[in-house]
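The values are calculated or read from the model by the stated rules, or taken from the named source; none is laboratory data. As the structure is a prediction and not an experimental result, all values here were calculated from the model. Cβ sites come from the backbone with ideal geometry, for glycine too, and all protein chains shown count toward neighbours. The area values use the complete protein model at the heavy-atom level, side chains included, leaving out ligands, DNA and RNA. Shrake-Rupley method; radii C 1.70, N 1.55, O 1.52, S 1.80 Å.
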Amino acid sequence: MTNRTLLAAAALCATAVVTLTACGGDKKADAKESGTPAAKEAGTPAPATPSPAKPLEGLTPAQIAEESRLAMTKLKSFKVKGGVTSDGEEMTVDFTVAAKGSCQGTFTSGGASADIRKVGGAMYMKGDEKFWQQTGSEEGSSPEEANALTELLKGRWFKLPAGDAKADEFPFCDATMLFEKDTEEIPVTRGAEAVVNGTRAVTLTRKDGAETMTLLVSAEGEPYALRMTNEGGQEPGSLEFSAFNEPVTVTPPPASEVIDSEKLKG
């Protein structure tokens with residue numbers, strides 16, 4: 001048993017992240033803008049090798065997006081905070097992602113909230129009363145059963161063991177899943193430089209119909225993703241990334257506070 005809304009929100013946010021950090025683009029358009037290998041065939045010089053002082057110099061917008069995607073997958077840890085709106089309901093996340101698929105943070109949706117931890121492959125959820133009431137209803141339980149579930153899990157952590165498919169689907173604990181390479185060929189354009197929390201950033205934009213996706217990439221040091229926004233689409237939202245490679249330790253909750261999914265099956 002899991003909260004479907006939780007996983008749905010995770011999937012929506014992950015989709016936004018994947019799209020915004022895609023390396024895909026109109027190769028001909030990028031070639032005209034900055035001189036890609038495609039343009040070289042027509043006699044235009046290839047991009048210059050970036051210097052340490054200007055790591056993004058000479059790169060096309062699509063190449064910058066790909067450099068950012070790769071940089072994020074190599075991080076030992078980072079924080080992600082933001083949310084998405086779907087069917088008029090706002091869902092938010094505030095997570096610290098650590099190495100080897102571990103994470104910890106908070107998820108909110110429809111006035112309900114839950115603390116999440118994933119460590120050693122196992123996933124733990126500690127929800128408030130409304131969270132478990134919603135979960136019981138989504139699973140088709142009667143009001144009496146939903147109340148019993150809420151009472152059973154009050155102040156406790158619900159555990160999905162390592163190897164559980166639902167635990168593995170949660171993208172905020174896996175940087176490679178969160179920043180999976182996209183294969184769509186949607187043009188990426190570069191806009192004016194911006195500043196995100198004191199850091200200079202390159203602005204990259206992709207348009208797909210009415211939807212506009214913007215990625216702000218650090219222009220200082222490593223090309224980390226700093227902010228992503230999605231406007232005009234069915235799931236508008238925004239995510240911010242910070243605390244790159246800061247030390248973080250995720251520990252399982254005390255065993256006395258944990259209820260295993262196997263117990264609920266009974």
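Scanning region 96-107 for residues that are surrounded by fewer than 23 Cβ atoms within 10 Å (Cβ to Cβ), in a strand (DSSP E or B) and touching a residue at least 24 places away in the same chain (Cβ under 8 Å) yields Thr96, Ala98, Gln104, Gly105. Residues considered: Val202, Val217, Val196. Of these, the only one that is within 26 Å of Ser102 (Cα to Cα), over 14 Å from the mean Cα position of the chain (by Cα), at pLDDT 90 or above and open to solvent by less than 20 Å² (accessible area, probe 1.4 Å) is Val217. Using the structure shown, decide if Glu144 is closer than 30 Å to Ala255 by Cβ, out of contact with any helix residue (DSSP H, G or I) (no Cβ under 9 Å at 6 or more places or on another chain) and modelled with pLDDT under 90. Yes, satisfied. Only one entry in Pro253, Pro223 is more than 30 Å from Leu59 (Cβ to Cβ) and at pLDDT 90 or above, namely Pro253. The single condition among (1) open to solvent by 20 Å² or more (accessible area, probe 1.4 Å); (2) β-branched (Val, Ile, Thr); (3) assigned to a strand (DSSP E or B) that Ile116 does not meet is (1). Before we move on, is Gly191 open to solvent by 70 Å² or more (accessible area, probe 1.4 Å) and either among the acidic types (Asp, Glu) or modelled with pLDDT of 85 or more (or both)? Answer is no for this residue.
Please go through region 69-85 and give me each residue that is buried (at least 19 other Cβ atoms within 10 Å of the Cβ), more than 10 Å from Phe241 (Cβ to Cβ) and out of contact with any Cys (no Cβ under 8 Å at 6 or more places or on another chain), ordered by number. Passing the criteria: Ala71, Ser77. The single condition among (1) over 21 Å from Ala62 (Cβ atoms); (2) touching a helix residue (DSSP H, G or I) at 6+ places or on another chain (Cβ under 6 Å); (3) part of a strand (DSSP E or B) that Ser238 does not satisfy is (2).
Of note, Glu257 does not satisfy the criterion of being of a type outside the set (Val, Ile, Thr), open to solvent by 50 Å² or more (accessible area, probe 1.4 Å) and more than 30 Å from Trp132 (Cα to Cα). Scanning region 221-232 for residues that are open to solvent by 40 Å² or more (accessible area, probe 1.4 Å) and free of Cβ contacts under 8 Å to residues at least 60 places away in the same chain gives Arg227, Glu231, Gly232.
Within region 176-194, the set of residues being under 19 Å from Ala71 (Cα atoms) and either aromatic (Phe, Trp, Tyr) or free of Cβ contacts under 8 Å to residues at least 24 places away in the same chain (or both) comprises Phe179 only.
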